[in-house]
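Here the structure is laid out as structure tokens; the discussion comes afterwards.
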Amino acid sequence: MFRLSQFMRELLHPTPLKPVRKPVAPVVIWNLIRRCNLTCKHCYTTSADINFPGELSTEAIYSVMDDLKAFKVPVLILSGGEPLLHPDIFAISQRAKDMGFYVALSTNGTLITVENIQQIAAINYPYVGVSLDGIGATHDQFRQQQGSFDASVHGIQLCREQGIKAGIRFTLTQDNAHDFPAMLQLMDDKDIDKFYLSHLNYGGRGNKNRQSDAFFSMTREAMDLLFEQCLQWEQQGIQREVVTGNNDADAVYFLHWVKQNYPEQAAHIQTKLEQWGGNASGVNVANIDNLGNVHPDTFWWHYDLGNVQHRPFSEIWQDISDPLMAGLKQSPRPLKGRCARCSYQKICNGNTRVRAQQIYADPWAEDPGCYLSETEI
Ligand code: SF4
């Protein structure tokens, strides 16, 4: 995850370089349940409103949680399906909070209502993230449910009224890019705390002209707008968090933007970006699915590293006999193609390996989702 607003702040108010502390254990995104009240078009868990067999019991979830704590996992992002459909979501969240985890809730927002908002507030989640795919009908079409946009925005509002930090997660596609400016406006209109621009895991084949490809031009335009908006918020003293995900080339694109607009700060920002280090799948980000299978991140559901019902997470995570985990943890990663010859590997770390694996059947091939031109790399 690229924390744009943090780097924008760094640009306006530079801070001295400090040694980087490497996290001991990863942030864990945990899909507690696959059931969902919606059937979104781009759902990576292919959820539905049915019970899925073989899911971890609440007792099993608790013992995994004990292992995660002993392993020093700092953050749990409770997700689904729709996590609010888990019958024990509040008990699980409370236990995690009591154990000292930072516990965020990742929801579609439609089930946050006046009936349960007090329970949600009582947990004191430091962050509730709600996915929105556009404004009104655009969102409803993606989510395949009329009225879901209004329900989700209402959920965000209820959180805000209770003083819970809430944010939007927007996945950019060719079908909703036209709503992107309006999404940023919604941030202002509803005074929302955080904006997460998630890139679609673009599956187009490589060897294309990146400057003329419609998907890449759209991404670049969206990023330009996001930079400008983030800068404006920072200059106005509005503390709004802006992050991007699923395309670490964003950080390199940002560096080029800095070079063009604030050339005197470019060297400082470049060093800070290198300290951050780019893609962290399999290193600082982990995923546990509803059945207990561990994956390098949420887009690797087709690749199991082991199951927490048979082996502790801490052991699975450190086992580099798995070739994918060995490569992800290697520094620099064994990259090929344009990623191998890229001058900004230290910033991007080869981006999203699952795209390379899906398109070229090789997780170390170049990332086909990199929207930077040859000159820019
Ligand atoms: S070429 Fe590869 S390493 Fe370089 S910015 Fe693009 S995705 Fe990242």
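I'd like the Karplus ³J(HN,Hα) series for the range 223-231: coefficients 6.51, -1.76, 1.60, θ = phi - 60°, whole numbers in Hz, and an x wherever there's a Gly or Pro. My calculation for the range 223-231 gives 5, 4, 5, 5, 4, 4, 5, 5, 4 Hz in order. Extents of the range 131-178, largest first, come to 34, 20, 13 Å (Cα atoms, principal axes, whole angstrom). With the convex hull of its Cα atoms as the shape, the chain has an orientation-averaged projected area of 17.8 nm².
Sorted fewest first by neighbouring Cβ atoms within 10 angstrom, T15, T352, T171 come out as T15, T171, T352. Would you list, by chain and number, the lysines whose Cα falls below 21 Å from the Cα of K259, excluding same-chain residues fewer than 8 positions away? Candidates past the 8-residue exclusion: K272, K346.
Work through the residues other than L76 whose Cβ is under 11 Å from its Cβ and net out their charges, Lys, Arg +1 and Asp, Glu -1.
Numbers: positive: K69, R95, K97; negative: none.
Net of charged neighbours comes to +3.
The residues packed around C159, meaning those with a beta-carbon under 11 Å from its beta-carbon, carry a net charge of +1 if Lys and Arg are +1 and Asp and Glu are -1. Remark: the range 102-150 projects, on average over all directions, an area of 3.6 nm² (convex hull of Cα atoms). Partner lysines whose Cα lies under 24 Å from the Cα of K97, excluding those fewer than 8 positions away in the same chain, are identified as K22, K69, K72, K165, K194. Take the Cβ-Cβ distance between H256 and Q236 as r, set R0 to 30 Å, and report the resulting FRET efficiency rounded to the nearest 0.05. It comes to 0.75.
With contacts taken as Cα pairs under 8 Å and at least 6 residues apart, the range 280-328 reaches a relative contact order of 30 percent. A DSSP coil position with no more than 14 other Cβ atoms inside 10 Å describes the following trypsin sites (Lys or Arg not before Pro) in the range 1-83: R21, K41, K72. In percent, rounded to a whole number, the relative contact order of the chain is 19, using alpha-carbon pairs under 8 Å and six or more apart. Think of it as helices only: each DSSP H run of n ≥ 4 in the chain is worth -39500 (n - 2.57), and spread over all residues that comes to -11500 deg cm²/dmol at 222 nm.
Residue by residue, the range 65-77 carries 3J(HN,Hα) couplings of 4, 4, 5, 4, 5, 4, 7, 6, 5, x, 10, 10, 9 Hz when phi is fed to the Karplus relation 6.51 cos²θ - 1.76 cosθ + 1.60 (θ = phi - 60°); x denotes Gly or Pro.
Label sites at Q185 and S57, each approximated as a point 7 angstrom past Cα along Cα to Cβ, lie 5.3 nm apart. Placing unit charges on the Cβ atoms only, positive for Lys and Arg and negative for Asp and Glu, gives the chain a dipole magnitude near 980 debye about its Cα centre.
Work out which GluC sites (Glu not before Pro) in the chain are exposed loop sites (DSSP not H, G, I, E or B, at most 15 other Cβ within 10 Å) and give the longest gap free of them.
Details: sites that count: E115, E374.
After excluding every exposed loop site, the longest remaining stretch is 116-373.
Here the label points at E274 and T113, each 7 Å from Cα along the C-beta direction, are separated by 5.5 nm in the simple model.
All of the numbers you see were taken from the coordinates with simple rules; none came from a lab. This one's a predicted model, so the numbers in the text were calculated from it and none came from an experiment. A quick note on method: Cβ atoms are made from the backbone with ideal geometry, for glycine too, and the neighbour counts reach across all protein chains shown.
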